[in-house]
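The values are calculated or read from the model by the stated rules, or taken from the named source; none is laboratory data. These numbers come from a predicted model, not from an experiment. Note that we place each Cβ from the backbone using ideal geometry, even for glycine, and neighbour counts take in every protein chain shown. For the accessible areas, the whole protein counts, side chains as well, though only heavy atoms, and no ligand, DNA or RNA atoms are used. Shrake-Rupley method; radii C 1.70, N 1.55, O 1.52, S 1.80 Å.
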Amino acid sequence: MIEFQSVNKWYGSLHVLRGINLRIEKGEVVVVCGPSGSGKSTLIRCINRLEPIQSGEILIDGKRLSDPSLDLTALRAEIGFVFQQFNLYPHLSAMENIVLAPMKARKISRPEAEEIATRLLERVGIPDKAASYPANLSGGQQQRVAIARALAMQPKIMLFDEPTSALDPEMINEVLEVMSDLAGEGMTMAVVTHEMGFARRVAHRILFMDEGQIIEEGSPQTFFENPSSPRTKQFLSKILSH
Amino acid sequence: MTYQFDWSVLWTGQSGEWLLQGILTTLGISTLAWLLAAALGTVSGALRTVPFAPLRALATCYVEFFRNVPLLVWMFFWYFAVPPLLPGPLQDWLFNHGAEFWAGMFALGVYHGARFSEMIRSGIQSIPKTQFEAALSTGLTTAQTYRFVIIPIALRLIIPPIANESLNLLKNSSVALTISVTELTFQTRQIETYTARAFEALTAGTVIYLALCLGIATLMTKIERRFALPGMIGRVASAEH
Amino acid sequence: MKKMLTLLVAIALGAVTPAMAETTLEKIARTGVLTIGARTGSPPFAFVDAQNQWVGFSIDLVEQLILPTLSKKVGKPVKLEKKESTPPTRIPLLASNAVDLIAETMTDTRSRRDSVDFSLTFFVTGAQFLVKKGSPIKGIKSIAGRRVAAQQGSTNARIIREQAPKAQLREFPDQPAAFQALAQGQVDTYTNDGIQLAGLKAKAPNPRGWEIVGDFYSYEPYGMALRKGDADFRGVVNNGLMEGIDSGKFFDIYEKWFGPKGELPYPMSPDIKKFMIYQAVPK
């Protein structure tokens, strides 16, 4: 479903992705972790081309991202993206946030789009917040609206970039639960997160990145119980000691 | 020796009629110029932030060219330099049908459009980049992202400076008297000519401009509250309900 | 409301109010300076010449006729200072004490006499029309429906509005803009005092392409304006002018600017010469 072939990316002279090779299969849930600055966010931002790459190739469903005839807008519509800072549209209510893209990009009628949105708000557990504006929602509620907004386009892939890092601790679980449900429904997901409990429970595979490279890759069990790289061990000891 | 005030000159003779005409002309030219400025400013301000370089360059040219030349020069430009480019009969028709007003309106609109443009650009640039990315990642095109997300947010952010600039536009409309537009300042001078009562006429003009500006400021505050981004200035507004 | 407005203006003028207690002569005796308001672009009355000097007929009248009389009166030499004044600014400049005397092309009218006083008449002209040679406009009777430029704040605009209401009046703040509009066809004619039009025509790139047409449709006696009610100062100004008329110096100065070799040839008619002489009352 998603394939990286020797992908390299630089920010100026900074080499942030170094020869990444990776395959994510349909229905697979992959968690990407690593210290900050390791390139994990960049990795998933490359998947819907929010970041361009300088060499190598990324294929989505067999389509090459470098293909000049690629319909990028249509491709992005198939890939949901959830940001650390939620990025809801502050001038629109939760309902309007969700129906905007289906109505404008998919040309779905308003009643139909609202029906979808109502279902999604129910699914993320805040059916009563349709009329609320982002500023009047808690962080956890905002992030759940953001997930509903991404799901409204019926994407084939969902990408999460540290979805719980900006949340107060008591709100983290409500978001992780929604994500777990989504994984349980068979969604293809790539999640950058520090939530190791979530990784252990939900991920099919965990990647550990450092300095632009994938250092370690394996099932949760091997990753947590028997990591091979000393850097992974060091990272895990820091993060699990909390 | 002290100046003897005679306020009756403001309502005797034709003064009242002239002042009213002046107010209507000032409001007319300012309103049309404002609409033109808002349209030009929004489009060019947005274009100055797009990724496509030639469009950015085009918008930059417009802004730098028009805001760095004095308004008076633009008045003369539209009144004296543009008509000779038109065919003769059209010129004559225009000169018989308020060419002064339209030249003044274009000068004001295009000049303030360039100034609006800068505000809209800074408004757009103050929106985090991730807001663009969020809209793009849901499958909206760049144009849709601007139209439905970025510009609506930017416009709300810049209401206060735009209000200020709108007041400037209203006051600057008086420059149109240099090309014989009979707006408010012109009419106050007219009263002075007829009555030789300079202070009374100027005071009347000042008070009317003040009233118009206060009216616009109040209207803008209402708009600001109505369209406030919830959670920002809106908190103040909703607390009053 | 009326009281409030008065108060508002009084506050605005607050800075100059204390000086108002003093008469103009007292002020000149104290400072040794007479400040006049004049135009910079109104040849030959007052203009900046090729040597960058601010000169002209009305400036000469002040310098050569009024200053000597004034110096004698206050008992010390008086220096002349010039400030730019324009139709819309001249009365406020005077009222705020920024200048003491307006020496330019200001027509003495009854309504202006409500707010300022005038000296003797020092020049007489009347309004006419400047047109492109061959224009159908021949005078005030033939301007109905035509686009007529006039100067803002001038008496001419007022007369056109009253006597030729069908003309389309366009009022410009200054002469260059009005002439530009005439040259480019925005207007069909430009009306102003005959003497002003003569000056404009003489300066035009192609003087023969223009014609001054029509009888005087207005009577424009130019006087120097001063603050109302200051009879002593007015007396000194008038005495200076009358002495100049008596001695013939006034006519020499006229000849210098309007004679055949002057800046703008515009001979004084015998009638006007008589009028000037009759203005000078006996000693």
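Quote the FRET efficiency, to the nearest 0.05, computed for B:A163 versus A:H15 with a Förster distance R0 of 60 Å and r equal to the Cβ-Cβ distance.
0.80
Where in segment C:220-276 are there trypsin sites (Lys or Arg not before Pro) that are in a DSSP coil and have at most 10 other Cβ atoms within 10 angstrom of their Cβ?
C:K261
How charged is the neighbourhood of C:A198? Take every other residue with its Cβ under 12 Å from the Cβ of C:A198, and add Lys/Arg as +1 and Asp/Glu as -1.
Cβ neighbours under 12 Å give a net charge of -1.
Evaluate peptide B:186-194: per residue, the Cβ atoms of other protein chains within 10 Å of its Cβ; return the mean as an integer.
Per-residue shielding by partner chains comes out at 5.
In Å and whole numbers, how far do the C-alpha atoms of the protein assembly as shown stretch along each principal axis, longest first?
Between the extreme Cα coordinates on each principal axis of the protein assembly as shown lie 126, 57, 50 Å.
Would you mind telling me which residue in A:S36, A:S69, A:S165 has the biggest mean-square fluctuation in a Gaussian network model of chain A, where springs connect alpha carbons within a distance under 10 angstrom?
Among A:S36, A:S69, A:S165, the largest mean-square fluctuation in the Gaussian network model of chain A belongs to A:S69.
Given points 7 Å out from each Cα along the Cα-Cβ axis, report the A:S138 to C:I212 separation in nanometres with one decimal.
Placing both labels 7 Å along Cα→Cβ, they lie 8.9 nm apart.
Among C:L169, C:T155, C:Y190, flag the residue with its Cα farthest along the positive direction of the charge dipole of chain C, charges on Cβ as +1 for Lys/Arg and -1 for Asp/Glu.
About the Cα centre, the residue reaching furthest to the positive side is C:L169.
Would you mind telling me which residue in B:L90, B:L27, B:L157 has the biggest mean-square fluctuation in a Gaussian network model of chain B, where springs connect alpha carbons within a distance under 10 angstrom?
It is B:L90.
State the percentage of accessible surface on segment B:25-240 attributable to carbon and sulfur atoms; use a 1.4 Å probe and exclude ligands, DNA and RNA.
71 percent
Radius of gyration and Dmax for segment B:52-112's Cα atoms, expressed in Å?
13.9, 44
Leaving out ligands, DNA and RNA, calculate the buried accessible area for the pair A and B with a 1.4 Å probe, summed over both sides, in Å² to the nearest 100.
When A and B are taken together, about 2000 Å² of accessible area is lost.
Please report the carbon-and-sulfur percent of the accessible area for segment A:1-64; probe 1.4 Å, protein heavy atoms only, DNA, RNA and ligands left out.
Percent of accessible area from carbon and sulfur atoms in segment A:1-64: 48.
I'd like the accessible area for A:S219: 1.4 Å probe, protein heavy atoms, all chains in place, Å² to the nearest 10.
Only protein atoms counted, so the area is about 50 Å².
Using only alpha carbon positions, build the gyration tensor of segment C:127-218, then give the equivalent ellipsoid semi-axes as the square roots of 5 times its eigenvalues, largest first, whole angstrom.
Over the Cα atoms of segment C:127-218, the semi-axes work out to 18, 14, 12 Å.
Measure off, as a whole percent, the carbon and sulfur share of the 1.4 Å-probe accessible area of segment A:106-217, all protein chains present.
Percent of accessible area from carbon and sulfur atoms in segment A:106-217: 43.
A 29 angstrom limit on the alpha carbon distance is what I want to check against. Which of C:K76/C:K273; C:K141/C:K201; C:K203/C:K273; C:K166/C:K273; C:K83/C:K256; A:K26/A:K107 exceed it?
The answer is C:K76/C:K273; C:K166/C:K273.
Find which of B:T195, A:N97, C:S119 sits farthest along the positive direction of the dipole of the protein assembly as shown, computed with +1 on the beta-carbon of Lys and Arg, -1 on that of Asp and Glu, about the Cα centre.
Comparing the listed Cα positions along the dipole, C:S119 ranks first.
If you restrict to DSSP beta bridges whose two residues both lie in the protein assembly as shown, what percentage is antiparallel, to the nearest 5?
Taking every DSSP beta bridge within the protein assembly as shown, about 55 percent pair in antiparallel fashion.
I'd like the FRET efficiency for C:D174 and C:K132, computed as 1/(1 + (r/R0)^6) with the beta carbon distance as r and R0 of 25 Å, rounded to 0.05.
Given R0 = 25 Å and the Cβ-Cβ separation, E is 0.75.
Output the antiparallel fraction of DSSP beta bridges having both residues in chain C, as a percent to the nearest 5.
60 percent
Can you pull out the GluC sites (Glu not before Pro) in segment B:113-202 that DSSP calls coil and that have at most 14 other Cβ atoms within 10 Å?
Qualifying residues, ordered by number: none.
With the cut-off at 1.5 for a/c, could you classify segment B:88-241 from its C-alpha gyration tensor as rounded, prolate or oblate?
oblate
With both bridge residues required to lie in segment C:127-218, what share of the DSSP beta bridges run antiparallel, to the nearest 5%?
Restricted to segment C:127-218, the bridges split so that about 55 percent are antiparallel.
Counting pairwise Cα distances across chain C, what percent come out greater than 36 angstrom?
So the pairs more than 36 Å apart make up 19 percent of the total in chain C.
Please calculate the 1.4 Å probe accessible area of B:L210, with all protein chains present, and give it to the nearest 10 Å².
Spelled out: B:L210, probe radius 1.4 Å, area about 110 Å².
Of B:P160, B:P70, B:P87, which is the most mobile in a GNM of chain B whose springs link Cα atoms less than 10 angstrom apart?
B:P87
Within 10 Å of each Cβ in peptide B:195-205, how many partner chain Cβ atoms are there on average? Round it to a whole number, please.
Average neighbour count from other chains, rounded to a whole number: 5.
Am I reading the C/B interface right? What is its buried accessible area, both sides, 1.4 Å probe, to the nearest 100 Å²?
The C and B chains share an interface burying roughly 3300 Å².
Within 10 Å of each candidate Cβ there may be at most 13 other Cβ atoms; applying that plus a DSSP loop requirement, which GluC sites (Glu not before Pro) in segment A:170-233 survive?
For GluC sites (Glu not before Pro) across segment A:170-233 that sit outside H, G, I, E and B with at most 13 neighbouring Cβ atoms in 10 Å, the list reads A:E185.
For the pair C:A231 and B:T221, what calculated FRET efficiency results from E = 1/(1 + (r/R0)^6), where r is the Cβ-Cβ distance and R0 = 60 Å, to the nearest 0.05?
It comes out at approximately 0.65.
Quick one: putting +1 on the C-beta of Lys and Arg, -1 on the C-beta of Asp and Glu, what dipole do you get for chain B around its Cα centre, in Debye to the nearest 20?
Around 920 debye, computed over chain B.
Taking a spot 7 Å from the Cα of B:Q14 along the direction of its beta carbon, which residues of segment B:157-185 have an amide N less than 20 Å from it?
Output list for this probe position: B:177-185.
In Å², and per residue, what accessible area does the protein assembly as shown have when probed at 1.4 Å with the other protein chains present?
Heavy-atom accessible area per residue stands at 44 Å².
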